Number of protein chains: 2
Amino acid sequence: MSAVLAPPETCVTTIRTLAMDAVQKANSGHPGGPMGLAAVGWSLFTGPLRHSPSNPHWPDRDRFVLSNGHSSMLLYALLFLTGYDLTLDDLKSFRQLHSRTPGHPEYGLTPGVETTTGPLGQGFGNAVGFALAERMMAARYNRPGHDVVDHRTWFTCSDGDLMEGISHEAASLAGFLGLERLTGIYDNNSVSLDGPTSLTYGDDVGERFAAYGWRVLHAEGNDLVELGQAYADAQVPDGRPTLIIAHTHIGYGAPGMQDTSRAHGSPLGEDEVRATKRVYGWPEDAHFLVPPDVARWADEMRERGRALEDEWQARMAAYAHAYPAEAAEFERVLARELPDGWDAEVPAFSPDDDKVATRVASFKVMNALAARMPEFIQGAADLSESTRTELTGLGDVNRSDYGARNIRFGVREHGMGAITNGVTLHGGLRLTCSTFMQFYDYMKNTVRLAALMGCPSIFVYTHDSVAMGEDGPTHQPIEHLAALRAVPKLVVIRPADANETAAAWRLAIERRDGPTVLVLTRQGLPVLGGPADVARGGYVLDDGDDCVLIGTGSEVSLAREARELLAATGISARVVSLPSFELFAAQPARYRDAVLPPDMTARVAVEAAASFGWARWVGDRGAIVAIDRFGESAPGPEVLRDLGITAEHVAETARSIL
Amino acid sequence: MSAVLAPPETCVTTIRTLAMDAVQKANSGHPGGPMGLAAVGWSLFTGPLRHSPSNPHWPDRDRFVLSNGHSSMLLYALLFLTGYDLTLDDLKSFRQLHSRTPGHPEYGLTPGVETTTGPLGQGFGNAVGFALAERMMAARYNRPGHDVVDHRTWFTCSDGDLMEGISHEAASLAGFLGLERLTGIYDNNSVSLDGPTSLTYGDDVGERFAAYGWRVLHAEGNDLVELGQAYADAQVPDGRPTLIIAHTHIGYGAPGMQDTSRAHGSPLGEDEVRATKRVYGWPEDAHFLVPPDVARWADEMRERGRALEDEWQARMAAYAHAYPAEAAEFERVLARELPDGWDAEVPAFSPDDDKVATRVASFKVMNALAARMPEFIQGAADLSESTRTELTGLGDVNRSDYGARNIRFGVREHGMGAITNGVTLHGGLRLTCSTFMQFYDYMKNTVRLAALMGCPSIFVYTHDSVAMGEDGPTHQPIEHLAALRAVPKLVVIRPADANETAAAWRLAIERRDGPTVLVLTRQGLPVLGGPADVARGGYVLDDGDDCVLIGTGSEVSLAREARELLAATGISARVVSLPSFELFAAQPARYRDAVLPPDMTARVAVEAAASFGWARWVGDRGAIVAIDRFGESAPGPEVLRDLGITAEHVAETARSIL
């Protein structure tokens, strides 16, 4: 039957012309990358990549990540030609409103797109996450003779990806962890947007990756035999991830633009497109031409994919027979369903207990969750003893123990975020990662991408205010809460006590369609004994008639102290705990008005952070006790006092507006 | 006279005991790093480091950066012992409120601290900036026989610094630029906070840095002879920066804690401190002991420093005689004073002009400034053709032309930010760096540190909204304006047209005590013809009685369109341009009330970004037309329409609240 299929060279040319045509039609996009990588992509997608185009969700598929997301037309053309649910019309609506072919690949929008890429280096980190998740799942579920988890991760990346610091963090950890099923293909075309990479880039990439413990191979990017050999070599297990340095030509074949930055970030122009098609021996006036023998590959690849999947289903059946409990759990975690009684061991805390930092309460909750949820894992950026996220006695993940449940990410926050997204997208594991809240700054885009993708990564940020003390202003968050709250689709929770912490954890675990950020204290806090109604975002903790004191996190107990002070002078203050702006804003107006009655206009918000964003809740007559400056290095209580985060100041402010 | 000076070994022990004592007294801090690096620091500060402790501002001093800022007691002890204006009492108030010895070194607070470090990797990037600035200043001002710029940059860094991605970006660029006067000393102690680095870190650091084009040397961290030899070797010019891998012992000498993470992030404990002093042969009950022969080094070092400075002053005098114009300019730029007529060529734009994108207006303004300000330079992260920040015809900085005025940072945003801060702190140059606004996410902490330091770096972010179009949601800022506005001490300006852009640039250039962010459009905007009173942060562009329409940037002209629509139905709308929240908030209430009269409560804000933070300006009765979701990949005007950022929607919203 293969006689009716076009030879790979024709398919490669089809990819190139589709990319040129789509970018030209959109009058926007990056044609040169897809043209240079067409042979790499085709030989991978029809060669070693084990995938099932008719079922992009087959759990044991190989993952492919286009870290150089601007070359999206390469991926769209590959998905289309290899039989995914994508049409030529989809390609013709490249970069158009509500199309399935946006400027950069978007997870959840296009079948076969494993992750959203575009901000450079993110895909690299995601790919490391996919590869790590595969090993972790294999360690959990495979049994002798039953390799139900048995796939690889492939990615392409550009010079831009490799210049970004996140690639360093992700590559270094991948090398350390010995992720030998991870293979990257570096599109070494020597051109970036502003010109030749020689303007700014002199790394010896091979030497660099060898230093991380990677195997480094080389191949001509247009030589299908060399590429095939490199893919084969990359699969020989030797304990190292592999980087294939593919020597490619941006805008391959474009007579006036190949190997120049003019082929990078804008359409080639009608004339150059035509001239390039002539070079290819392609009909120069045809647009979006897919010769029939090229089109036939879609069926061929679907069939091949189904065969791969069938073979796996047979393996699964044998596994389910031999290991029914494991198989049931495997299917449950892949379906992202929670086990019965998943939160049965989550402790309740009593106001009679000693003060407890929310990071410490979180530690207890996490370990209670871990006891019932084998899929629950955590990692920290060299601060697990401070963030208190360690799952006690459950081991550290390393190359000889992928079955452990604590990941030591090292001082690599940006990589940690991207790897966490990759692990979470892979399926089968719920990964929480943590660091000091200040270092949200280092990993912000990964949180944004989780929100954009609807990826339920969980981010724990501790040491959440100036109360963290002596480390001083470089480590004291001020603007970070506002920055987090402004991110669409992100749920940010700053619990006020141990019970709100437990409630916040329940919400984070139950959330399936987006990320959750938990913001926790370093310092001890009293257990409030309130309803801890975190799910509604805010609630009345103590009632009162004359004014409302609104707080979050550690400032709720401070608001309660202020209430006492006010009561002593005959003022009755309501205390509202507002752990989550987003969740509260999503409540019906009736509920919100019950908590913050429109006629109770004397409102004081207190938060040990920037005031930005609080006006919405305190209103025109309200006041905000906050910190609109950087912090100080001193013991936490002294810093709070120095910056006016005191019950006295809150009470005084309330009096001043009454 | 040297007979009266303590031998270096005694000084090294003094540093170690001061560090232990200070951390113990504060009951907080990192003793182990300073103990391990004491010999490295002492041999550097009394050896090759050319500095003048009695004048920490001597322009030609060598710069020293402690990138591992948590080891701050090392730096404080060195500054104290070598004669800077720091007392033993200062050391005793380590990490106490308003002391000069905060948890991490802070620029502007402690004499001799060149930059604020703590977030790991930032100091590495700053150091690259210092070294680059030195070469750029040398290229500008040195003349044959007159090397008035002739210093080096030294820094220490930890495994944490090297795990961070920013170290990759900064090191790669330093290697590319051949910054041979830059020497880093890697505190290779094999321990991080969570335990031995072998838990998570396997890089071959030497090979990695060789791949960047660095010279790599090794030395035992306690061997003064080896260290001295390494410092000497590092100064042999060979076109490469140098990394000295110093093999050190965290918590050196502590009998129960050396080489363990227990010596890293908390006090050793009174018993261990005493035991360690016994090991050192030091009086175990003495605290903050500085033997007289150690104390004498302060005078010695001040004297040595004054001699170095005198020699330089003589050079300067000869230079001023031979090159009076150059010398005058050199002194002017070091004093951060503007030349006469610095803004004389800044164009004025007319409402009769065609639409112009603010990035394009900015391009014209920047080139006009460059014509009159030789200290004005720019760099971009591989997007200068998009951010339109290139200084035309003024060359690219590279190892054979440090006199050029455009820096190609490559796709290295985080490194770019830190290097920009370093260049700016060095003095003599005003550096603007730019990228797409989305990639603020990658460099956020550098902007924060500029604000914290009061460092007047200028950050230009273009493609500032969903109107950037086809690149889609991964590249379309939403929450970024809110995130920027929440940062203390940062001035964020989103100009509405070409004239506001020019005014914004004037403010950025005139600002000496903090950073400025300019937020610019990709798309063309009409020239409004208003007063462009950016300095006040907001002003009335068009008057009206019934309601107020408030916009920033590209949405101001849209508000004006809405005003027309409202006028057609008999509603008189005032249009307020609010280019800078911070600058407006800093105005007297009288001015603010004149722009936004308290009795004009029908207010509509419009901004193509998250609504977060706008409630403050629209008040309880107001409404916000904004984008509280992620964007779409499509041509900009279609995205704006799809997301409701239209004049019709603004007019409708105004009607609905009237």
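The values are calculated or read from the model by the stated rules, or taken from the named source; none is laboratory data. Remember, it's a predicted structure, so these values are computed and weren't measured experimentally. Here the Cβ positions follow ideal geometry from the backbone for every residue, glycine too, while neighbour counts run over all protein chains shown.
If you go through segment B:567-580 and keep only what is more than 11 Å from B:Ala535 (Cα to Cα) and either in contact with a helix residue (DSSP H, G or I) (Cβ under 6 Å, 6 or more places away or on another chain) or free of Cβ contacts under 8 Å to residues at least 60 places away in the same chain (or both), you end up with B:Ala567, B:Ala568, B:Gly570, B:Ser572, B:Ala573, B:Arg574, B:Val575, B:Val576, B:Ser577. Do we have any residue at all in segment B:164-182 that's under 18 Å from A:Ala381 (Cβ atoms), aliphatic (A, V, I, L, M) and in contact with a helix residue (DSSP H, G or I) (Cβ under 6 Å, 6 or more places away or on another chain)? Yes, some residue in segment B:164-182 is under 18 Å from A:Ala381 (Cβ atoms), aliphatic (A, V, I, L, M) and in contact with a helix residue (DSSP H, G or I) (Cβ under 6 Å, 6 or more places away or on another chain).
Among residues of segment B:67-111 being among the small types (Gly, Ala, Ser) and either part of a helix (DSSP H, G or I) or in contact with an Asp or Glu (Cβ under 8 Å, 6 or more places away or on another chain) (or both), the one that is nearest to B:Asp161 (Cα to Cα) is B:Ser67.
Of the residues contained in segment B:353-366, none is found to be within 14 Å of chain A (Cβ to nearest Cβ) and either under 25 Å from the mean Cα position of the chain (by Cα) or not in a loop (DSSP other than H, G, I, E, B) (or both). Contact map, segment B:512-534: residues that are in contact (Cβ under 8 Å) with a residue 12 or more places away in the chain and closer than 12 Å to B:Ser457 by Cβ paired with residues that are surrounded by fewer than 17 Cβ atoms within 10 Å (Cβ to Cβ) and of a type in the set (Lys, Arg), Cβ distance under 8 Å, separation 6+ or inter-chain. Pairs shown: B:Arg512/B:Arg336. Of all residues in segment B:189-197, at least one satisfies being within 30 Å of B:Tyr280 (Cα to Cα), touching a Leu at 6+ places or on another chain (Cβ under 8 Å) and either part of a loop (DSSP other than H, G, I, E, B) or more than 14 Å from chain A (Cβ to nearest Cβ) (or both). When B:Leu518 is evaluated against the numbered criteria (1) more than 13 Å from every other protein chain (Cβ to nearest Cβ); (2) within 18 Å of B:Ile550 (Cα to Cα); (3) buried (at least 24 other Cβ atoms within 10 Å of the Cβ); (4) not small (Gly, Ala, Ser), which criterion, by number, is the only one it fails? Condition (2) is where B:Leu518 drops out. Scanning segment B:539-553 for residues that are under 23 Å from B:Ile657 (Cα atoms) and under 33 Å from the mean Cα position of the chain (by Cα), we see that the one that is surrounded by the most Cβ atoms within 10 Å (Cβ to Cβ) is B:Thr552. Looking at B:Asp161, B:Asp203, just one residue is within 20 Å of the chain's Cα centre (by Cα) and of a type in the set (Asp, Glu), and that residue is B:Asp161.
Within segment A:169-188, if we keep just the residues that are in contact with a Phe, Trp or Tyr (Cβ under 6 Å, 6 or more places away or on another chain) and either more than 10 Å from chain B (Cβ to nearest Cβ) or part of a loop (DSSP other than H, G, I, E, B) (or both), the residue that is surrounded by the fewest Cβ atoms within 10 Å (Cβ to Cβ) turns out to be A:Thr183.
For B:Asp546, indicate whether it is in contact with a strand residue (DSSP E or B) (Cβ under 6 Å, 6 or more places away or on another chain) and under 24 Å from B:Arg621 (Cβ atoms). Here the answer is no, as B:Asp546 does not meet what is asked.
In segment A:398-407, what residues are in contact with a strand residue (DSSP E or B) (Cβ under 9 Å, 6 or more places away or on another chain) and either in a loop (DSSP other than H, G, I, E, B) or surrounded by fewer than 24 Cβ atoms within 10 Å (Cβ to Cβ) (or both)? Passing the criteria: A:Asn398, A:Ala404, A:Arg405, A:Asn406. The residue that is farthest from A:His151 (Cα to Cα), counting only those in segment A:76-96 that are free of Cβ contacts under 8 Å to residues at least 40 places away in the same chain and within 14 Å of chain B (Cβ to nearest Cβ), is A:Ser93. Within segment A:464-474, not a single residue is within 16 Å of A:Ala508 (Cβ to Cβ) and free of Cβ contacts under 8 Å to residues at least 60 places away in the same chain. When A:Arg641 is tested against (1) within 19 Å of A:Arg494 (Cα to Cα); (2) more than 34 Å from the chain's Cα centre (by Cα), only condition (1) is not met.
The set of residues from segment B:557-613 being surrounded by fewer than 24 Cβ atoms within 10 Å (Cβ to Cβ), of a type in the set (S, T, N, Q) and within 18 Å of A:Ala482 (Cβ to Cβ) comprises just one member, B:Ser611. Residues in segment B:367-378: is at least one over 22 Å from B:Phe330 (Cα atoms) and either within 11 Å of another protein chain (Cβ to nearest Cβ) or aliphatic (A, V, I, L, M) (or both)? The answer is no; no qualifying residue exists.
Of the residues making up segment B:613-631, just one is under 31 Å from the mean Cα position of the chain (by Cα), more than 7 Å from every other protein chain (Cβ to nearest Cβ) and not in a loop (DSSP other than H, G, I, E, B), namely B:Trp617. Residues in segment B:216-236 that are more than 14 Å from chain A (Cβ to nearest Cβ) and within 28 Å of the chain's Cα centre (by Cα) were compared, and the one that is surrounded by the fewest Cβ atoms within 10 Å (Cβ to Cβ) is B:Gln235.
Return the residue satisfying two criteria in turn: it lies in segment B:108-118 and is touching a Leu at 6+ places or on another chain (Cβ under 7 Å) and in contact (Cβ under 8 Å) with a residue 60 or more places away in the chain, and of such residues it is farthest from the other protein chains (Cβ to nearest Cβ). Here the residue is B:Gly112.
The numbered conditions (1) among the aliphatic types (A, V, I, L, M); (2) in contact (Cβ under 8 Å) with a residue 40 or more places away in the chain; (3) surrounded by fewer than 24 Cβ atoms within 10 Å (Cβ to Cβ); (4) within 14 Å of chain B (Cβ to nearest Cβ) are all true for A:Ala634 except (3). Please verify whether A:Thr10 is out of contact with any Cys (no Cβ under 6 Å at 6 or more places or on another chain) and either surrounded by 24 or more Cβ atoms within 10 Å (Cβ to Cβ) or at pLDDT below 95 (or both), treating the condition exactly as stated. No; evaluated as a whole, the condition is false for this residue. Flag: B:Gly41 does not match the condition of being surrounded by fewer than 24 Cβ atoms within 10 Å (Cβ to Cβ), at pLDDT 95 or above and not charged (D, E, K, R). Considering only segment A:245-268, state which residues are surrounded by fewer than 19 Cβ atoms within 10 Å (Cβ to Cβ) and touching a Lys or Arg at 6+ places or on another chain (Cβ under 9 Å). Listed by number, the residues that qualify are A:Pro255, A:Gly256. Within segment B:267-325, the set of residues being more than 30 Å from B:Gln24 (Cα to Cα) and in contact with a Pro (Cβ under 6 Å, 6 or more places away or on another chain) comprises just one member, B:Gly305. All told, B:Ile166 meets the bar of being under 26 Å from the mean Cα position of the chain (by Cα) and either surrounded by fewer than 20 Cβ atoms within 10 Å (Cβ to Cβ) or within 9 Å of chain A (Cβ to nearest Cβ) (or both).
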